[in-house]
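Asker: Dropping a structure here in structure tokens format, bear with me for questions.
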Amino acid sequence: MPAAPKSRSPKSRAPRSRRGEDHLDLVAELIEAFAGSEDLDATLAAALARIASALDADAAGLFLLDGEFPGPDARLVCRACVGPIDVTGLELNAGIGIPGRALARNRTELVADAAGDPDFLAPATIGIDYEIRSMICAPLSHRDERYGVVELLNPRAEGRLFSARDAELLGLLATAAAIAIRNARLTEALLAQNRLRRELEMAADVQRTLLPPAPDADAPVQGLNRPARGVSGDFYDVLRLPDGRIAFALADVSGKGLNAALIMVKAATLFRSIGKRVHEPGLLLSRIEVELCETMAFGMFVTMVVGVYDPARHQIRLANAGHLPPLKRHADGSFEEFPATDPPLGIQCRLENDRYRETSFSIEGGSLYLYTDGASEARDADGRMIGSDGLQALIARHAGAAPGTRLTAVADAIGAELRDDLTLLVIDDSEAAAEQVQPRGRLRGVADLVAQTIPAEAGQLKIVRRLVEAASREAGASVEWAQDLVLAVDEACQNIIRHGYGTAAKAGAAIGDKIEFSIRKAADGLEVELIDYAPKVDEQDCKGRTLDDVRPGGLGTHLMHALTDLVQFRSPPKGAGNRLVLTKKLAPGVADPSGADHDDNDKGSGSA
Amino acid sequence: MSFKVKDDAGTSTVFLSGEIDLERSPAARKTLLDTLARRQALVVDLRDVSYIDSSGIASLVEAYQKARTANLAFTLAEVGAPVMRVLSLARLDKVFPIRVAG
């Protein structure tokens with residue numbers, strides 16, 4: 001506030017007495033009007049008219065700043081005016097003239113005699129036919145924040161000039177108006193923010209309804225989506241087809257925020273509707289693209305993997321539109337990637353039947369992982385992107401857990417501090433592969449490779465025994481022959497459980513302690529293969545001990561050798577600890593006689 | 001699951017049953033050793049044992065050794081073919097006093 005001079009000019013005294021006690025009533029009235037204002041522009045315009053009238057001005061204008069002040073682009077735009085000429089909408093350079101000076105100094109400028117002020121610019125210079133003799137210009141500012149100026153022109157009384165008291169009053173009113181403007185802008189920003197937040201919450205709700213409900217943790221196909229903010233540009237979906245196959249999709253929409261989220265909603269809806277009719281991944285992708293291209297904004301695109309899993313045949317067929325390569329983990333723990341062979345959806349906008357290329361492969365006993373860059377581009381403790389290798393390591397670390405638990409564990413390990421949406425999908429064939437070996441399942445010909453992964457624990461052994469017995473009987477072996485192989489395999493599994501993993505007999509297996517067990521038909525008998533992930537065994541320990549030594553390990557090993565023709569450690573697959581193969585010959589048409597007359601010691605050295 | 005034990009004057013009989021494998025042999029071992037604590041002659045009736053592995057055999061061996069140390073008689077009774085097969089492979093058919101199943 002400029003300090004008001006104590007002395008009053010005789011010229012200003014006469015009108016003031018007519019205008020009442022320093023207009024305190026006007027100040028109070030306007031402050032109240034501003035405080036209760038719902039339409040700030042209208043309130044400001046009404047206030048301006050009241051001020052002009054109270055101070056007996058011929059004309060008045062309220063200008064709001066547009067553009068950064070100070071700066072070359074700062075303009076003062078007239079939002080309200082009173083007087084003989086309507087200048088609403090008039091734009092002034094905010095850096096010059098008396099208004100510019102009021103803004104720059106952030107204080108009220110009283111120009112009692114305009115003609116004598118060097119900064120004064122006559123309206124005629126901007127083509128306005130109006131002569132200004134005397135003016136007051138007050139900044140609309142709150143502390144250092146400037147919103148505009150308010151100016152009063154030419155006292156109506158003949159020969160009168162504006163006084164310092166007038167200037168003081170205008171300054172006071174301008175401050176009240178500035179606070180009202182500031183409050184209105186803050187409220188507006190808050191409302192916009194709230195509205196946006198509500199919209200985002202609604203969008204996030206809609207998105208969540210599009211994700212499939214979480215299945216049991218051991219269901220073979222599992223997905224997980226963790227948005228970095230309320231809405232996500234990622235999605236996944238899983239569709240059970242009537243023939244037992246399972247269609248799945250995972251996608252990432254370019255860009256972030258609401259736009260990406262809306263495209264995601266559309267892509268997800270398209271997958272679910274078209275996916276019910278079209279079960280060929282390549283064709284499904286091109287159908288989705290056709291629909292997306294009709295509406296998607298230029299420059300947006302969607303990377304997407306679509307596939308169909310056949311649990312009965314352990315086959316996966318997929319098509320990849322520009323997405324990160326799906327990661328296959330083989331039953332032996334090794335990984336394989338399937339890079340995209342076609343560009344993302346929305347880049348080429350092909351014809352409806354111009355299908356995307358497909359890949360088919362066996363997933364027998366293994367698993368397939370689909371992920372978005374929120375996973376591979378996550379940072380490790382040193383700030384490096386973990387990449388596909390890091391993701392593989394995480395998957396391997398949690399490979400023993402049920403599929404759903406595994407995804408959660410991997411996502412947790414990737415970290416709570418998500419920079420990007422994180423979406424993971426797994427197709428796990430280990431259950432389907434195991435079911436295949438059940439006696440009532442597909443075990444019609446033992447020539448088939450049959451395989452099952454079991455937790456390394458005592459309670460699983462009876463299952464192993466049933467499987468070996470069933471396989472032996474299917475192969476045409478006698479009851480006694482089957483019993484011998486059953487015992488040999490049981491002893492081999494026990495060695496792995498007790499000496500390999502060191503699991504106490506009663507305690508459950510630690511997560512990840514497992515035995516990959518398979519039976520196949522060899523040239524002249526059966527081969528049983530046991531793969532474990534325990535430390536490598538010293539073969540010397542497994543040669544069988546003398547029979548005086550009846551420690552369990554020794555007796556078990558002796559039985560293995562005595563009951564089969566060959567006990568052989570072969571080189572284990574990558575990542576595994578040991579691979580033990582037991583071979584037992586099946587003489588054509590000759591069942592091994594029962595009885596206790598085996599020549600035990602000769603068998604131990606392996607005669608096959 | 002526990003095993004049936006019958007006490008007669010001077011002799012206790014443990015009836016092992018089912019599959020004596022890695023999962024169930026700890027229970028069999030405990031029953032055998034607990035019964036020996038009665039300081040009577042021990043008969044282990046194996047007629048209902050359908051399967052026995054090295055861990056089951058080890059439990060029998062341990063009980064047999066404890067009985068001998070305590071000067072208590074120890075007999076395997078009603079030994080069926082599947083159990084006999086394993087005992088003979090382990091060359092324990094000549095070690096244990098065995099009463100073959102009739």
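Asker: Need the failing condition index for A:Pro339 against (1) free of Cβ contacts under 8 Å to residues at least 40 places away in the same chain; (2) touching a Phe, Trp or Tyr at 6+ places or on another chain (Cβ under 9 Å), just the number.
Answerer: Just one mismatch for A:Pro339, condition (2).
Asker: Also, quick follow-up: Could you list all residues from the range A:281-316 that are among the aromatic types (Phe, Trp, Tyr) and closer than 18 Å to A:Phe338 by Cβ?
Answerer: Within the range A:281-316, A:Tyr309 is the sole residue that qualifies.
Asker: Any chance you could count how many residues in the range B:63-102 are over 11 Å from the mean Cα position of the chain (by Cα) and without any contact (Cβ under 8 Å) to a residue 24 or more places away in the chain?
Answerer: Number satisfying all stated conditions: 13.
Asker: Continuing with the same structure: Is it the case that the range A:159-176 has a residue that's assigned by TED's automatic domain parsing to the domain that holds A:Ala112, surrounded by fewer than 17 Cβ atoms within 10 Å (Cβ to Cβ) and in contact with a helix residue (DSSP H, G or I) (Cβ under 9 Å, 6 or more places away or on another chain)?
Answerer: Yes, the range A:159-176 contains at least one residue that is assigned by TED's automatic domain parsing to the domain that holds A:Ala112, surrounded by fewer than 17 Cβ atoms within 10 Å (Cβ to Cβ) and in contact with a helix residue (DSSP H, G or I) (Cβ under 9 Å, 6 or more places away or on another chain).
Asker: Output the number of residues of the range B:52-91 satisfying the condition of being within 12 Å of chain A (Cβ to nearest Cβ) and either among the basic types (Lys, Arg) or touching a Pro at 6+ places or on another chain (Cβ under 6 Å) (or both).
Answerer: 5
Asker: Is it the case that the range A:125-135 has a residue that's surrounded by 22 or more Cβ atoms within 10 Å (Cβ to Cβ) and in a loop (DSSP other than H, G, I, E, B)?
Answerer: No, the range A:125-135 contains no residue that is surrounded by 22 or more Cβ atoms within 10 Å (Cβ to Cβ) and in a loop (DSSP other than H, G, I, E, B).
Asker: With the requirement that a residue be surrounded by fewer than 22 Cβ atoms within 10 Å (Cβ to Cβ) and either farther than 23 Å from B:Arg85 by Cβ or within 13 Å of chain B (Cβ to nearest Cβ) (or both), what does the range A:466-477 give you?
Answerer: Within the range A:466-477, A:Arg466, A:Glu469 meet the criteria.
Asker: Here is a further query. How many residues, within the range B:52-93, are of a type in the set (A, V, I, L, M), modelled with pLDDT under 90 and open to solvent by 50 Å² or more (accessible area, probe 1.4 Å)?
Answerer: Of the residues in the range B:52-93, 1 are of a type in the set (A, V, I, L, M), modelled with pLDDT under 90 and open to solvent by 50 Å² or more (accessible area, probe 1.4 Å).
Asker: Pull up the range A:532-574, narrow it to residues that are in a helix (DSSP H, G or I) and open to solvent by 50 Å² or more (accessible area, probe 1.4 Å), then point me to the one that is modelled with the highest pLDDT.
Answerer: A:Glu539
Asker: Being open to solvent by less than 50 Å² (accessible area, probe 1.4 Å) and either touching a helix residue (DSSP H, G or I) at 6+ places or on another chain (Cβ under 8 Å) or modelled with pLDDT under 85 (or both) narrows it down to one of A:Leu449, A:Leu394, so name that one.
Answerer: Of the residues listed, the single one that is open to solvent by less than 50 Å² (accessible area, probe 1.4 Å) and either touching a helix residue (DSSP H, G or I) at 6+ places or on another chain (Cβ under 8 Å) or modelled with pLDDT under 85 (or both) is A:Leu394.
Asker: Quick check, is A:Gly127 within 17 Å of A:Thr88 (Cα to Cα) and in contact with a strand residue (DSSP E or B) (Cβ under 6 Å, 6 or more places away or on another chain)?
Answerer: So A:Gly127 does not fit the description; no.
Asker: Surrounded by fewer than 16 Cβ atoms within 10 Å (Cβ to Cβ) and part of a helix (DSSP H, G or I): does that describe A:Thr88?
Answerer: So A:Thr88 does not fit the description; no.
Asker: Next up: Taking the range A:91-124, which residues are of a type in the set (Lys, Arg) and outside any helix (DSSP H, G or I)?
Answerer: A:Arg107
Asker: Against the definition (surrounded by fewer than 19 Cβ atoms within 10 Å (Cβ to Cβ) and in contact (Cβ under 8 Å) with a residue 12 or more places away in the chain), how does B:Gly18 come out, yes or no?
Answerer: So B:Gly18 passes the test.
Residues checked against (1) within 24 Å of A:Gly299 (Cα to Cα); (2) aliphatic (A, V, I, L, M); (3) not assigned by TED's automatic domain parsing to the domain that holds A:Arg277:
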{"site": "A:Glu201", "(1), (2), (3)": "no, no, yes"}
{"site": "A:Pro220", "(1), (2), (3)": "no, no, no"}
{"site": "A:Ser232", "(1), (2), (3)": "yes, no, no"}
{"site": "A:Leu239", "(1), (2), (3)": "no, yes, no"}
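Asker: Would you check if B:Ser25 is within 14 Å of chain A (Cβ to nearest Cβ), among the polar types (S, T, N, Q), more than 22 Å from A:Ile497 (Cβ to Cβ) and open to solvent by less than 60 Å² (accessible area, probe 1.4 Å)?
Answerer: For B:Ser25, the condition - within 14 Å of chain A (Cβ to nearest Cβ), among the polar types (S, T, N, Q), more than 22 Å from A:Ile497 (Cβ to Cβ) and open to solvent by less than 60 Å² (accessible area, probe 1.4 Å) - is not met.
Asker: Now a separate question. Which residue is farthest from the chain's Cα centre (by Cα), if the candidates are limited to the range B:28-51 and must be open to solvent by less than 40 Å² (accessible area, probe 1.4 Å) and within 14 Å of chain A (Cβ to nearest Cβ)?
Answerer: B:Tyr51
Asker: Which of the numbered conditions does A:Ala122 fail, given that it passes all the others? Conditions: (1) out of contact with any Lys or Arg (no Cβ under 9 Å at 6 or more places or on another chain); (2) within 29 Å of A:His23 (Cβ to Cβ).
Answerer: The one condition A:Ala122 does not meet is (2).
Asker: Given the criterion modelled with pLDDT of 65 or more, in contact with a strand residue (DSSP E or B) (Cβ under 8 Å, 6 or more places away or on another chain) and either under 25 Å from A:Pro326 (Cβ atoms) or surrounded by fewer than 23 Cβ atoms within 10 Å (Cβ to Cβ) (or both), identify the matching residue among A:Asp420, A:Asp428, A:Asp412.
Answerer: So the residue among A:Asp420, A:Asp428, A:Asp412 that is modelled with pLDDT of 65 or more, in contact with a strand residue (DSSP E or B) (Cβ under 8 Å, 6 or more places away or on another chain) and either under 25 Å from A:Pro326 (Cβ atoms) or surrounded by fewer than 23 Cβ atoms within 10 Å (Cβ to Cβ) (or both) is A:Asp428.
Asker: Take B:Val5 and tell me if it is under 12 Å from B:Ala67 (Cβ atoms) and either crowded, with 20+ Cβ neighbours inside 10 Å or in contact with a strand residue (DSSP E or B) (Cβ under 6 Å, 6 or more places away or on another chain) (or both).
Answerer: So B:Val5 does not fit the description; no.
The values are calculated or read from the model by the stated rules, or taken from the named source; none is laboratory data. As the structure is a computational prediction, the values presented were derived from the model and not from experiment. Methodologically, a virtual Cβ is constructed for each residue, glycine included, from the backbone with ideal geometry; neighbour enumeration extends over all protein chains shown. With ligands, DNA and RNA removed, areas are computed over all heavy atoms of the protein, side chains included. Shrake-Rupley method; radii C 1.70, N 1.55, O 1.52, S 1.80 Å.
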